[in-house]
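Shown next, in structure tokens, is the structure this report addresses.
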Amino acid sequence: MHADVNGALAQINKSWRAFTHKGSPMTKEEVRKVLQYAKDQGYKSTAELSEYEVDRIIRP
């Protein structure tokens, strides 16, 4: 599933539960960090994020 970055951030209290990474659920804080990173990069959709980027954000 790919989400609109700005829409997911605006609805973070509901949207975070739908996010997974490598088959595991993500925490609300992990989702917030990933979405904020995507927004800062100018990404419109979570489809633009690579697994490497997500790994780097949530497991520094």
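Relative contact order for the chain: 38 percent, from Cα pairs under 8 Å spaced at least 6 residues apart, divided by residue count. Consider the candidate values (1) 1.02; (2) 0.90; (3) 1.13; state which one is Rg/Rh (Cα atoms, Kirkwood Rh) computed from the structure displayed. The value matching this structure is (2). Which FRET efficiency value, to the nearest 0.05, do you get for Glu48 and Thr20 by plugging their Cβ-Cβ distance into 1/(1 + (r/R0)^6) with R0 = 22 Å? With a Förster radius of 22 Å, E is 0.80. Full extension of the chain between Asp4 and Lys39 gives 11.6 nm of extra length, using 0.36 nm per residue less the Cα-Cα distance.
Laboratory data are not the source of any read-out in this text; all were calculated from the coordinates shown. These figures come from a predicted structure and were not determined experimentally. Every residue, glycine among them, receives a Cβ derived from its backbone with ideal geometry; neighbour counts consider all protein chains shown.
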